[in-house]
Ligand code: 0O2
């Protein structure tokens, strides 16, 4: 496929990622301005690179005619939470929005992947307006804790380094680390209320100073 054609295909996805990122950032701002704890801590977004699309097409035997149908994560948003409990709240926020329609979900938190990967995935339908008109496209939203994200980031780098064939002694370590993260998230949850209180008072104080 020619580069110009790729640009045309990916352009609405760039718009979707920009809009969704902005909207989730604004949710954080709204919570904080209201003096409330935000269940979303960080927002990240990306459009899948052409080489990564081509890899996945080959891996999943996807035909060039139905890339947009079959590849649900051309637009990807990652929402990072501090605590496991926040993930449910974030899903609820998305469920209640009129501009995002949930198509499907994958709960890799209750049941982690064999690799040890944990995250909650939503595939949504989202409409963008371009100069050619309206377009309803799919986007993947990954929701996970800071600790789960740390694990996924490290594992992703190792997948890249070993080209998908991570040596067994390293995968064993990763599985152990994944279990340790469940324990860490559980421990952090047990002090969630205190941490939330502390952060709220800290933010209120910081806001008062910046208002002067
Ligand atoms: P990238 O580079 O992040 O875009 P699969 O059949 O498992 O390949 P599928 O059916 O598309 O994937 O859906 P799934 O399982 O929900 O995975 C989608 C995305 O979740 C992946 O996209 C990764 O971002 C992330 N993910 C899934 N499994 C793992 C894992 O074991 N480790 C890490 N670090 N991330 C994972 P891509 O396109 O594979 O990769």
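Taken together, the values in this text are just the output of simple stated rules run on the coordinates, not laboratory data. A quick note: this is a predicted structure, and the numbers were derived from the prediction, not measured. Glycine gets a Cβ as well: all are built from the backbone with ideal geometry, and neighbour counts include every protein chain shown.
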Check: Quick one: 171, 130, 145, fewest Cβ neighbours within 10 Å first, how do they rank?
Finding: 130, 171, 145
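Using the beta-carbon distance between residue 170 and residue 42 and R0 = 22 Å, what value does 1/(1 + (r/R0)^6) give for FRET efficiency, to the nearest 0.05?
Values: r = 27 Å, r/R0 = 1.22.
According to the calculation, E is roughly 0.25.
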Item checked: Radius of gyration and maximum dimension Dmax of the chain, Cα, Å -> 19.1, 59
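How much length would be gained if the chain were fully extended between residue 195 and residue 85, taking 0.36 nm per residue of separation minus their Cα-Cα distance, in nm to one decimal? Mind dumping the intermediate values first?
On the way: separation 110, 0.36 × 110 = 39.60 nm, distance 1.33 nm.
Residue separation times 0.36 nm, minus the Cα-Cα distance, leaves 38.3 nm.
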Margin query: For the pair residue 6/residue 68, report the inter-label distance in nm, with labels modelled 7 Å from Cα in the Cβ direction.
Written below: 1.8
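For the residues 1, 148, 100, what sequence is obtained by ranking on other C-beta atoms within 10 Å, fewest first?
Values: 1 11, 148 27, 100 19.
Fewest-to-most Cβ neighbours within 10 Å comes out as 1, 100, 148.
Just to be sure I understand: of the beta bridges DSSP finds with both ends in the chain, what percent are antiparallel, rounded to 5? Mind showing how you got there, number by number?
On the way: 24 of 31 bridges.
Beta bridges within the chain, antiparallel portion: roughly 75 percent.
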Notebook entry, point to check: Where the centre of each part is set by its Cα atoms, how far does the range 22-43 sit from the range 174-188, in angstrom?
Noted result: 26
Item checked: Label-point separation, residue 131 to residue 154 (7 Å along Cα→Cβ), nm -> 4.7
Next item on the list: Could you calculate the contour length gain from residue 179 to residue 23, that is, 0.36 nm times the residue separation minus the distance between their Cα atoms, to one decimal place in nm?
Entry: 52.9 nm
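Please report 59, 46 as a ranked list, fewest other C-beta atoms within 10 angstrom at the top and most at the bottom. Please list the in-between numbers first.
Numbers: 59 9, 46 16.
Neighbour counts put them in this order, fewest first: 59, 46.
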Notebook entry, point to check: Label-point separation (nm) for residue 96 and residue 57, each offset 7 Å from Cα along Cα-to-Cβ?
Noted result: 4.1
Checklist line | Per-residue [θ]222 nm for the chain (sum of -39500 (n - 2.57) over DSSP H runs n ≥ 4, rounded to 500) | finding: -18500 deg cm²/dmol
